[in-house]
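Below: one structure, written as C-alpha cells.
The values are calculated or read from the model by the stated rules, or taken from the named source; none is laboratory data. None of the values given here were measured: they were computed from a predicted structure. Methodologically, a virtual Cβ is constructed for each residue, glycine included, from the backbone with ideal geometry; neighbour enumeration extends over all protein chains shown.
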Amino acid sequence: MKKFFLLVILTVSTLSIYSQNFEYLKVKPKTGDGILNLLYRYYLPTDQATINLFYDINKNKFDKNNNLLKGFKYNLPVAIYKFNKKNIRSSIGISDYNLAKEIEIYNQKLFENGLIRKSYKKSKKLYVPLYLLNYSKESAPISKKEVKKKAKKRKIIFILFLGKNTKKSIL
C-alpha cells in the first residue's frame, strides 16, 4: 500500500512540476502502435507509472478503449533541454557525472536508431527521459523558454508523505 501511495504522489508531483512551460518530445506513432510499443521504441520504461504519466500528458488523444488515435502526435515523457555546447551537466543543472553519461547514452541510442535526425551536439537539443530525473533527485526539466529567462539553476522541492514519516526530496 505504501508503494502504491508513493507512486500516486510521485506521479501527481511529477505532473505538476513538468506541466508548466515544458517541452516534451513529440512523436507520431506508426500504424498498429500501442503505448507499450511507443515507449519501448524510445527506450522508456513500460511500468505502470510511466504509462500513467503518458496518459496524463496526452489527454483527449485516445479512443474509448484508451488506444492511440491515428493522425495525432503524442508527447513522450522525455524533456527537451537546450544543449549549451559545453557539457550535459551544465546544460541541465546537475552535478552527477553518471547521470550525465546515462543521458548521453540515451541520446546516442535515439540518434543511432534513427529516432532523432541529428545528434544532441549538432541539434543543440538534449533529450532527457523524465524517469532519470526522478531517480537522480538533482534537477527538474527546464524548457527552452525558461533557459532563456533564467540562467540560474532552480531546484524544486516537494514533500512525499510516507505514512507517519515525511521525507524531503529534490527533483
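Residue 72 falls short on exactly one of the conditions (1) more than 16 Å from the chain's Cα centre (by Cα); (2) outside any loop (DSSP other than H, G, I, E, B); (3) in contact (Cβ under 8 Å) with a residue 40 or more places away in the chain, and that condition is (2). Within the stretch 12-40, residues that are more than 23 Å from residue 115 (Cα to Cα) have Cβ atoms under 6 Å from residues that are part of a helix (DSSP H, G or I) and at pLDDT 90 or above in these pairs: 15/56, counting only partners at least 6 apart in sequence or on another chain. The residues listed here are 71, 93, 32, 114; of these, the one that is at pLDDT 95 or above and either of a type outside the set (Phe, Trp, Tyr) or closer than 16 Å to residue 134 by Cα (or both) is 114. Here residue 105 meets the list (1) modelled with pLDDT under 95; (2) in a helix (DSSP H, G or I) almost entirely, failing just condition (1). Evaluating residue 97 against the criteria (1) loosely packed, with under 15 Cβ neighbours inside 10 Å; (2) in contact with a strand residue (DSSP E or B) (Cβ under 9 Å, 6 or more places away or on another chain); (3) among the aromatic types (Phe, Trp, Tyr) leaves one unmet condition, (2).
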